[in-house]
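Here's the structure, in structure tokens; my notes come after.
The values are calculated or read from the model by the stated rules, or taken from the named source; none is laboratory data. Quick caveat: nothing in here was measured; it's all calculated off a predicted structure. Note: ideal-geometry Cβ built from the backbone for every residue, glycine included; neighbour counts use all protein chains shown. Only protein heavy atoms, including side chains, enter the accessible area calculation; ligands, DNA and RNA are left aside. Shrake-Rupley method; radii C 1.70, N 1.55, O 1.52, S 1.80 Å.
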Amino acid sequence: MSNISKEQVRHVAHLARLAISDEEVEKMTKQLDDIIHYAESLNELNTDDVEPTTHVLDLKNVMRKDQPRKWIDKEDALKNAPDKQDGQFRVPSILE
Amino acid sequence: MSLFDYTLKELQDKLHNKEITVSDLVAESYSRINAVDDQVKAFLTLDEEKAKAQAKQLDQQSREHTSLLYGLPIGIKDNIVTKGLRTTCASQFLDNLTDPLYDATVMEKLQKENTVTIGKLNMDEFAMGSSNENSSYFATRNPWNTDYVPGGSSGGSAAAVAAKEVFFSLGSDTGGSIRQPAAFCGVVGSKPTYGLVSRFGLVAFASSLDQIGPITRTVEDNAHLLQAIVGHDPMDATSVDIDIPNYSETLDQGVKGLKIAVPSEYLAEGVSPEVKEAVLNGLKVYEDLGATWEEVSLPHSRYAVAAYYLLSSSEASANLARFDGVRYGVRSAQAGSMLDMFKRSRSEGFGDEVKRRIMLGTFALSSGYYDAYYKKAQKVRTLIKNDFEKVFEDYDVIIGPTTPTPAFKVGEIIDDPLTMYANDILTIPVNLAGVPGMSLPCGFSSDGLPIGLQIISKHFDESTMLRTAYAFEQATDHHKKQPELGGANK
């Protein structure tokens with residue numbers, strides 16, 4: 001029986017890099033609590049001896065030669081950037 | 001009568017005989033879009049100038065081509081990256097992504113077949129949703145009755161084919177996003193085995209579940225479009241290198257002696273009587289065709305939705321971390337510091353459902369909760385996968401309904417996430433197990449809405465799945481009924 005607190009919701013929002021309003025915290029706390037509560041139905045199953053599945057196929061490590069090849073050039077890479085300067089992506093200052 | 005009432009083979013004959021041109025086909029597409037898309041709202045972006053130029057060029061080329069898809073108008077779900085053609089995933093975050101840098105592998109494959117891309121199709125934002133109401137632009141409507149949803153997340157892809165705005169389309173399916181809208185819109189949609197179709201250039205939602213697949217009006221067309229997009233791709237490390245069979249060659253081999261499993265959980269409480277009746281009638285058709293069916297159990301089915309939401313949201317929370325407002329997408333105008341810029345850009349750019357799932361996934365992966373939620377769900381995934389493997393030891397295919405009910409009304413359940421999630425209860429287990437599944441029309445509700453029959457087969461056994469579907473389609477007329485857009489049902 002989980003009970004997600006508003007504080008937890010704010011913490012998770014920070015981890016997820018989301019800014020959420022007090023109103024959203026309120027709504028999200030209730031909705032996440034409902035979903036998590038529902039997800040806890042999985043605890044009805046004993047899975048002590050069950051291996052987790054990360055992928056359905058029996059995948060082996062896929063290796064390739066480390067060879068350079070043409071992909072996109074700098075001009076193209078910057079084409080859709082919201083802000084750029086001197087051939088680079090421009091972001092707000094990192095240090096306050 | 002529309003040109004799109006013909007099958008792909010019939011259209012190729014007409015092209016060869018010069019009865020029609022590729023330009024005629026493309027003009028048919030846009031004239032239909034102009035006539036009905038203000039009601040259906042399937043398209044986010046159109047590419048008319050380029051499509052018409054390409055048609056002209058194809059018409060000038062030799063007709064001695066071998067591709068069966070030559071010149072056919074196709075619509076592409078907006079989470080498949082198209083070079084130079086706006087790709088938004090129906091999200092405000094990507095509203096300004098008008099000039100993507102590369103083509104998804106499936107787009108390169110379609111170019112080799114010379115299909116003509118008509119435009120990009122609406123969807124639930126980042127493929128998260130079952131009704132198309134989570135599109136940040138507008139909600140696509142069901143061509144059978146525009147008061148109803150087309151399903152989702154590939155709602156635009158299914159509605160555009162049902163409304164004959166395009167000949168066929170591509171969608172993507174993470175928990176039912178091709179099969180459920182195909183069922184709601186009365187068309188044929190298939191989700192291939194995980195790993196069969198390259199995901200390179202499919203904007204990732206849940207990487208261990210996502211697959212691209214074809215949506216068409218007939219099973220035969222579905223087999224041909226699937227054939228064009230499958231195959232190993234070095235750009236997708238989960239793409240599988242296997243011999244690909246010729247799917248259309250075995251379509252007409254019939255179902256005599258076919259062993260069908262019908263999971264009792266798929267006809268249980270929650271499945272509407274009309275849907276159940278349509279599926280049972282469908283099984284009667286198979287009996288008449290010489291197949292046999294028995295009830296089986298997929299005992300962990302009831303846990304699939306919970307496991308799916310934990311796993312898919314966890315993967316989504318990691319995948320959507322790339323949307324940071326630095327390299328592309330919309331950056332918040334309010335941005336102060338770098339961290340502030342990330343947070344504001346994401347919060348302004350993402351809709352409610354996307355935020356909710358990122359939050360759920362971040363929670364399930366966070367320190368102290370990882371084992372209890374994420375790992376637990378992965379273990380339950382193993383149990384669900386084992387359920388399928390066990391049934392497939394004794395049976396060739398699994399058949400049941402695609403959805404518990406026909407389409408619901410716009411606005412009916414959008415405010416209730418858990419009820420919305422339960423809508424995918426019959427399609428989600430297929431993604432968790434990685435097996436192929438498809439939906440085709442098997443009847444209509446008393447309200448005149450389509451009902452879908454779901455056919456599931458073993459890993460990489462698309463041939464048997466398609467053959468089973470083809471036999472049903474040949475024996476029935478459900479696929480011949482068409483929505484009367486602009487007519488009786490407004």
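Quick grid of which residues meet (1) surrounded by fewer than 24 Cβ atoms within 10 Å (Cβ to Cβ); (2) touching a strand residue (DSSP E or B) at 6+ places or on another chain (Cβ under 9 Å):
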site	(1), (2)
B:D95	yes, no
B:T105	no, yes
B:K120	no, yes
B:A127	no, yes
B:N134	no, no
B:P143	no, no
- request: State which residue is nearest to A:N43 (Cα to Cα) when the search covers only the stretch B:271-306 and only residues that are surrounded by 14 or more Cβ atoms within 10 Å (Cβ to Cβ) and small (G, A, S).
  value: B:A306
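Inspect the stretch B:225-236 for any residue being under 30 Å from B:S446 (Cα atoms) and at pLDDT 95 or above and give the result as yes or no.
No.
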statement: Okay, helices (runs of 4 or more DSSP H) sitting entirely in the stretch B:412-479 with 1 or more residues that are over 18 Å from B:I384 (Cβ atoms) and touching a Ser or Thr at 6+ places or on another chain (Cβ under 7 Å), I get B:417-422, B:462-475
- prompt: From the list A:V62, A:V56, A:V50, which residue is facing chain B (nearest Cβ under 7 Å) and more than 19 Å from B:L432 (Cα to Cα)?
  reply: A:V62
Identity of the residue in the stretch A:1-47, outside any loop (DSSP other than H, G, I, E, B), open to solvent by 40 Å² or more (accessible area, probe 1.4 Å) and more than 9 Å from chain B (Cβ to nearest Cβ), that ends up nearest to B:A377 (Cα to Cα): A:H37
task: Please specify each residue of the stretch B:294-313 satisfying the condition of being closer than 14 Å to B:S207 by Cα, hydroxyl-bearing (S, T, Y) and either within 11 Å of chain A (Cβ to nearest Cβ) or in contact with a strand residue (DSSP E or B) (Cβ under 7 Å, 6 or more places away or on another chain) (or both).
output: B:Y308, B:Y309, B:S313
query: So A:D86 fits all but one of (1) open to solvent by less than 80 Å² (accessible area, probe 1.4 Å); (2) more than 7 Å from chain B (Cβ to nearest Cβ); (3) among the acidic types (D, E); what number is the exception?
result: (1)
- request: Residues being among the small types (G, A, S) and either modelled with pLDDT under 95 or open to solvent by less than 30 Å² (accessible area, probe 1.4 Å) (or both): count how many of those fall in the stretch B:238-260.
  value: 2
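Out of all the residues in the stretch B:372-383, is one or more among the hydroxyl-bearing types (S, T, Y) and either open to solvent by 40 Å² or more (accessible area, probe 1.4 Å) or away from chain A (no Cβ under 14 Å) (or both)? Explain how you work it out, then say what you get.
Here is the first cut: in the stretch B:372-383, the ones among the hydroxyl-bearing types (S, T, Y) are B:373-374, B:382.
If we keep only those that are either open to solvent by 40 Å² or more (accessible area, probe 1.4 Å) or away from chain A (no Cβ under 14 Å) (or both) as well, we get none.
Within the stretch B:372-383 (the criterion being among the hydroxyl-bearing types (S, T, Y) and either open to solvent by 40 Å² or more (accessible area, probe 1.4 Å) or away from chain A (no Cβ under 14 Å) (or both)), the answer is no, since none of the residues qualifies.
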query: Applying the selection to the stretch A:65-81, what residues are open to solvent by 50 Å² or more (accessible area, probe 1.4 Å) and either more than 7 Å from every other protein chain (Cβ to nearest Cβ) or touching a Phe, Trp or Tyr at 6+ places or on another chain (Cβ under 8 Å) (or both)?
result: A:K65, A:D66, A:Q67, A:P68, A:R69, A:K70, A:W71, A:I72, A:D73, A:K74, A:E75
task: Answer yes if at least one residue in the stretch B:444-458 is more than 23 Å from B:S264 (Cβ to Cβ) and crowded, with 20+ Cβ neighbours inside 10 Å, and no otherwise.
output: yes
message: Quick check on my filter: what residues within the stretch B:323-345 are in a loop (DSSP other than H, G, I, E, B), of a type outside the set (A, V, I, L, M) and either open to solvent by less than 10 Å² (accessible area, probe 1.4 Å) or more than 8 Å from every other protein chain (Cβ to nearest Cβ) (or both)?
response: B:F323, B:G325, B:G329, B:S332, B:Q334
query: Does B:S367 count as free of Cβ contacts under 8 Å to residues at least 60 places away in the same chain, part of a loop (DSSP other than H, G, I, E, B) and over 18 Å from the mean Cα position of the chain (by Cα)?
result: yes
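May I ask you to list the residues in the stretch B:34-66 that are among the hydroxyl-bearing types (S, T, Y) and surrounded by 15 or more Cβ atoms within 10 Å (Cβ to Cβ)?
Scanning the stretch B:34-66 gives a single hit, B:T45.
Could you check, for the stretch A:52-63, whether at least one of its residues is within 22 Å of B:R331 (Cα to Cα), free of Cβ contacts under 8 Å to residues at least 12 places away in the same chain and open to solvent by less than 100 Å² (accessible area, probe 1.4 Å)?
no
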- line: For the stretch B:346-357, pairs from a residue that is more than 9 Å from chain A (Cβ to nearest Cβ) to a residue that is part of a helix (DSSP H, G or I) and open to solvent by less than 20 Å² (accessible area, probe 1.4 Å), with Cβ under 7 Å and 6 or more apart or across chains, are B:G349/B:F93; B:G351/B:E125; B:E353/B:E125; B:V354/B:E125; B:V354/B:F126; B:R357/B:S313; B:R357/B:A316
- line: Of all helices (runs of 4 or more DSSP H) fully inside the stretch B:1-90, the set with 1 or more residues that are at pLDDT below 95 and basic (K, R) is B:8-16
- prompt: Any residue in the stretch B:377-393 that is within 21 Å of the chain's Cα centre (by Cα) and farther than 19 Å from A:P52 by Cβ?
  reply: no
- line: Of the residues in the stretch A:64-96, those that are small (G, A, S), assigned to a loop (DSSP other than H, G, I, E, B) and more than 22 Å from B:G336 (Cα to Cα) come to A:G87
- line: Residues of the stretch B:240-290 being in contact with a strand residue (DSSP E or B) (Cβ under 8 Å, 6 or more places away or on another chain), closer than 23 Å to B:P192 by Cβ and outside any helix (DSSP H, G or I), in sequence order, are B:I244, B:L258, B:K259, B:I260, B:A261, B:V262, B:P263
